[in-house]
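Q: Please find one structure pasted underneath; my questions will follow.
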Amino acid sequence: MLVGPQDRTHESLPRLHPGARYGISAGLGVDYLSAPDLANLVNATAGASERVSDFKAMAEFFGAVTIPLSDEWLLKLDYGYLLGSYSMPSAYGLTDYALQVHMPTALLQYVLADEGIYNVVAGAGAGLHVGRLTTTYYSLEQSYTAVGPALMASLEGNTAFGEHLFAHFGLLLRLEMLGSLTDSGGQAPWGSAYGTSTSLSMAGVGVRLGMTYYF
């Protein structure tokens with residue numbers, strides 16, 4: 001069978017199949033989360049002159065390793081580092097609240113499309129996350145931690161710059177079921193005028209931008 005020039009050109013195009021290769025990803029993101037207990041704690045600042053919303057935009061740094069299990073299924077080991085802050089002015093001065101959350105998560109992903117120069121995958125998973133809240137009032141600083149399970153669902157795409165380097169785009173859904181905040185002595189901050197303790201439970205969506213390198 002004769003093969004024309006156009007057919008030979010098509011056959012010579014590389015099939016990159018990034019979804020079937022090991023990959024590493026890294027980048028930045030923004031998460032928009034509802035944290036009602038945390039907002040109650042900030043609003044309960046003595047002499048507070050403002051109020052904050054339950055919803056808060058927070059920055060995220062992330063890195064991930066993708067391990068192919070087959071042509072269609074992937075195991076993704078994801079780590080996100082979430083940062084958020086509040087500053088509450090009051091009649092007694094300014095109180096700062098700084099939040100840090102370590103978010104390691106294992107996800108099972110399914111390859112929805114793999115066209116060589118791009119792929120699209122969706123997945124879900126869980127992890128054990130650790131949050132830390134630091135309050136600062138003048139020179140007085142106090143830290144509290146909370147630990148708990150978390151669920152994450154993701155839809156992501158990677159589009160090629162070359163055979164190995166790809167641009168990464170991601171959409172996330174998060175449910176953080178972190179427990180109550182306590183300090184090193186086991187004492188909890190008070191989350192409202194009614195004396196309830198403060199959990200770091202949060203839920204919301206996120207967007208990620210970064211790079212992926214496939215081996």
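The values are calculated or read from the model by the stated rules, or taken from the named source; none is laboratory data. It should be emphasised that the depicted structure is a prediction, and the values quoted were computed from it without experimental measurement. Positions of Cβ are generated from backbone atoms using ideal geometry, with glycine treated the same way; all protein chains shown enter the neighbour counts.
Q: Name the single residue that is surrounded by the most Cβ atoms within 10 Å (Cβ to Cβ) among those in segment 136-147 being closer than 14 Å to SER201 by Cα and of a type in the set (A, V, I, L, M, F, W, C).
A: Of everything passing the filter in segment 136-147, ALA146 is surrounded by the most Cβ atoms within 10 Å (Cβ to Cβ).
Q: Please state which one of ALA113, ALA106, ALA57 is part of a strand (DSSP E or B), of a type outside the set (Lys, Arg) and at pLDDT below 95.
A: ALA113
Q: Name the single residue that is modelled with the lowest pLDDT among those in segment 167-198 being touching an Asp or Glu at 6+ places or on another chain (Cβ under 9 Å) and farther than 24 Å from PHE61 by Cβ.
A: Looking at residues that are touching an Asp or Glu at 6+ places or on another chain (Cβ under 9 Å) and farther than 24 Å from PHE61 by Cβ, I get SER192.
Q: Then there is this: Just to verify a result, which residue in segment 142-154, among those that are within 15 Å of GLN100 (Cα to Cα) and without any contact (Cβ under 8 Å) to a residue 40 or more places away in the chain, is farthest from the chain's Cα centre (by Cα)?
A: THR145
Q: Test TYR97 against the criterion of being farther than 29 Å from ALA35 by Cα and part of a strand (DSSP E or B), and give yes or no.
A: no
Q: Every residue in segment 166-187 that is buried (at least 17 other Cβ atoms within 10 Å of the Cβ) and either assigned to a loop (DSSP other than H, G, I, E, B) or at positive phi (or both), please.
A: Result: LEU178, LEU181.
Q: Read through the list (1) out of contact with any Ser or Thr (no Cβ under 6 Å at 6 or more places or on another chain); (2) under 22 Å from GLY210 (Cβ atoms); (3) hydroxyl-bearing (Ser, Thr, Tyr), then give the number of the only condition that TYR118 fails.
A: (1)
Q: From (1) assigned to a strand (DSSP E or B); (2) in contact (Cβ under 8 Å) with a residue 12 or more places away in the chain, pick out the condition that doesn't hold for GLU163.
A: (1)
Q: Here is a further query. Quickly run through segment 71-94 and pick out the residues that are at pLDDT below 90, among the small types (Gly, Ala, Ser) and either within 22 Å of the chain's Cα centre (by Cα) or not in a strand (DSSP E or B) (or both).
A: Within segment 71-94, just ALA91 meets the criteria.
Q: Quick one: how many residues across segment 112-140 are within 26 Å of PHE166 (Cα to Cα) and touching a residue at least 12 places away in the same chain (Cβ under 8 Å)?
A: The number of residues fulfilling the criteria is 12.
Q: Residues in segment 116-126 that are assigned to a strand (DSSP E or B) and closer than 14 Å to ALA20 by Cα: how many?
A: Residues flagged as assigned to a strand (DSSP E or B) and closer than 14 Å to ALA20 by Cα within segment 116-126 amount to 4.
Q: Still on this structure, please answer the following. Any residue at all in segment 117-135 that's of a type in the set (Gly, Ala, Ser), surrounded by fewer than 17 Cβ atoms within 10 Å (Cβ to Cβ) and modelled with pLDDT under 95?
A: No; the residues of segment 117-135 include none that is of a type in the set (Gly, Ala, Ser), surrounded by fewer than 17 Cβ atoms within 10 Å (Cβ to Cβ) and modelled with pLDDT under 95.
Q: Name the residues in segment 1-44 that are of a type in the set (Ser, Thr, Tyr), modelled with pLDDT of 80 or more and either out of contact with any Pro (no Cβ under 9 Å at 6 or more places or on another chain) or assigned to a strand (DSSP E or B) (or both), would you?
A: Result: SER25, TYR32, SER34.
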